[in-house]
1. For B:R83, are the conditions met, namely being within 13 Å of DNA strand C (Cβ to nearest atom), more than 25 Å from B:D6 (Cβ to Cβ) and in a loop (DSSP other than H, G, I, E, B)?
2. When you scan the range A:31-41, do you find a residue that is at pLDDT 95 or above and either surrounded by fewer than 16 Cβ atoms within 10 Å (Cβ to Cβ) or among the basic types (K, R) (or both), even just one?
3. Hey, can you tell me all the residues within the range B:56-73 that are of a type in the set (A, V, I, L, M), part of a loop (DSSP other than H, G, I, E, B) and surrounded by fewer than 17 Cβ atoms within 10 Å (Cβ to Cβ)?
4. Checking the conditions here, which among B:G31, B:G104, B:G26 is closer than 22 Å to A:D141 by Cβ, within 13 Å of another protein chain (Cβ to nearest Cβ) and within 13 Å of DNA strand D (Cβ to nearest atom)?
5. Are any residues in the range A:131-156 under 23 Å from B:A90 (Cβ atoms) and more than 7 Å from chain B (Cβ to nearest Cβ), and if so, which ones?
6. When you scan the range A:27-41, how many residues do you find that are out of contact with any helix residue (DSSP H, G or I) (no Cβ under 7 Å at 6 or more places or on another chain) and within 10 Å of DNA strand C (Cβ to nearest atom)?
7. Quick check on the range B:107-122. Is at least one of its residues touching an Asp or Glu at 6+ places or on another chain (Cβ under 9 Å) and not in a helix (DSSP H, G or I)?
8. Quick one: is B:L98 in the same structural domain as B:T9 (by TED's automatic domain parsing), without any contact (Cβ under 8 Å) to a residue 60 or more places away in the chain, within 24 Å of A:D131 (Cα to Cα) and aliphatic (A, V, I, L, M)?
There are 2 protein chains.
Amino acid sequence: MDQEADIKTVRTAFIERMGMVAHHEGMPRMGGQILAMLVFDGTAISFGDLARRLQVSRATISTSVRFLEERGLIRRLNRTGERQDYFQLAEDAYATMLRHARTGTLRAISEISQTAAELPAGSDAIRRRLDEYAGFYEAIDASILDAISRFETADT
Amino acid sequence: MDQEADIKTVRTAFIERMGMVAHHEGMPRMGGQILAMLVFDGTAISFGDLARRLQVSRATISTSVRFLEERGLIRRLNRTGERQDYFQLAEDAYATMLRHARTGTLRAISEISQTAAELPAGSDAIRRRLDEYAGFYEAIDASILDAISRFETADT
DNA sequence: AAGTCTGTTCAGTTATTTCCGAACAAACTT
DNA sequence: AAGTTTGTTCGGAAATAACTGAACAGACTT
């Protein structure tokens with residue numbers, strides 16, 4: 001039995017699926033695929049291999065890894081004696097994803113409170129509804145913080 | 001002083017901002033704008049008013065409200081003696097948003113465990129990494145559940 | 001019945017996102 | 001020095017998403 005071939009098939013399917021999940025979450029599909037690949041393999045993967053195995057141009061890899069680096073989800077290794085760059089999951093990638101999710105809700109909260117601040121005196125009913133809306137995002141924020149600690153304890 | 005005009009300006013800005021927030025969260029911009037309008041006004045708004053005040057075609061309103069209805073975020077009122085449909089926020093709109101967020105993470109978990117199931121016997125290292133990845137989504141799921149109860153208590 | 005108003009659907013346009021090829025610079029190899 | 005290899009950038013192409021106008025059906029009004 002050719003286990004290697006089986007694993008390769010499963011990996012391809014996994015990468016494809018996670019690309020869709022990422023896309024569905026409003027993240028670039030390619031970024032999700034790269035992350036999936038790094039999760040699956042565990043090892044660091046070279047720039048060239050990423051392009052080859054995902055069958056996309058090096059230009060696409062370049063912009064995608066830059067995006068993932070800026071988000072703090074992957075790390076670039078510059079192995080001495082190696083021409084190519086290598087990439088691996090950041091140690092705290094999962095916690096970082098959660099922290100990034102927070103920024104979205106914090107932005108929403110900020111927009112809402114800014115709106116409330118711009119309202120003329122009175123407008124109490126509107127203010128109350130905006131507060132309720134902000135409360136929704138605050139509930140999300142609180143639980144993301146929960147998740148961070150929850151996950152960090154489950155991590156090690 | 002013309003408070004009405006002030007409020008109108010603030011409302012327009014709010015709708016615009018929330019449209020961007022929605023879009024940033026991977027949701028249609030127009031859906032976010034409609035929700036924002038309903039939150040701001042509090043009252044039910046007619047189909048025609050939505051098109052007029054958002055300055056989009058009725059076709060766009062039609063597809064947008066269908067989307068929001070299917071998600072359970074708004075309710076359509078058919079006032080007797082009124083030709084137009086009216087829309088208002090669903091009572092449990094916020095909790096519904098959270099429940100929907102869950103489906104995304106549950107899907108991710110499902111995809112991951114399906115991948116694990118497809119792996120040939122052995123492959124323990126891969127399996128371990130997939131489990132860790134699934135654990136990430138499970139942490140999110142757990143905290144969304146937290147948020148639902150947290151928000152529901154804060155709601156009333 | 002003819003005319004108006006309302007909401008839906010669909011084909012087609014417009015806008016946005018995503019990806020690629022080519023040109024380039026830096027570092028290395030011969 | 002000339003030639004490779006590597007990663008980045010940018011203009012533009014290809015794919016996707018968002019919106020519109022027009023045709024339509026149902027319900028009401030005259």
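The values are calculated or read from the model by the stated rules, or taken from the named source; none is laboratory data. As the structure is a computational prediction, the values presented were derived from the model and not from experiment. Heads up, the Cβs are rebuilt from the backbone with ideal geometry, glycines too, and the neighbour counts pull from every protein chain shown.
1. Numbers: within 13 Å of DNA strand C (Cβ to nearest atom): yes; more than 25 Å from B:D6 (Cβ to Cβ): yes; in a loop (DSSP other than H, G, I, E, B): yes.
Criteria met by B:R83.
2. From the range A:31-41, those at pLDDT 95 or above are A:31-41; that's our starting set.
Retained after the next criterion (residues that are either surrounded by fewer than 16 Cβ atoms within 10 Å (Cβ to Cβ) or among the basic types (K, R) (or both)): none.
Looking for residues that are at pLDDT 95 or above and either surrounded by fewer than 16 Cβ atoms within 10 Å (Cβ to Cβ) or among the basic types (K, R) (or both), one finds none in the range A:31-41, hence no.
3. Residues of the range B:56-73 of a type in the set (A, V, I, L, M): B:56, B:59, B:61, B:65, B:68, B:73.
Filter again for part of a loop (DSSP other than H, G, I, E, B), leaving B:56, B:73.
Correct list: B:V56 only.
4. So the residue among B:G31, B:G104, B:G26 that is closer than 22 Å to A:D141 by Cβ, within 13 Å of another protein chain (Cβ to nearest Cβ) and within 13 Å of DNA strand D (Cβ to nearest atom) is B:G26.
5. Residues satisfying the conditions are A:D131, A:E132, A:A134, A:Y137, A:E138, A:D141.
6. Within the range A:27-41, residues that are out of contact with any helix residue (DSSP H, G or I) (no Cβ under 7 Å at 6 or more places or on another chain) and within 10 Å of DNA strand C (Cβ to nearest atom) number 1.
7. Looking for residues that are touching an Asp or Glu at 6+ places or on another chain (Cβ under 9 Å) and not in a helix (DSSP H, G or I), one finds at least one in the range B:107-122, hence yes.
8. For B:L98, the condition - in the same structural domain as B:T9 (by TED's automatic domain parsing), without any contact (Cβ under 8 Å) to a residue 60 or more places away in the chain, within 24 Å of A:D131 (Cα to Cα) and aliphatic (A, V, I, L, M) - is not met.
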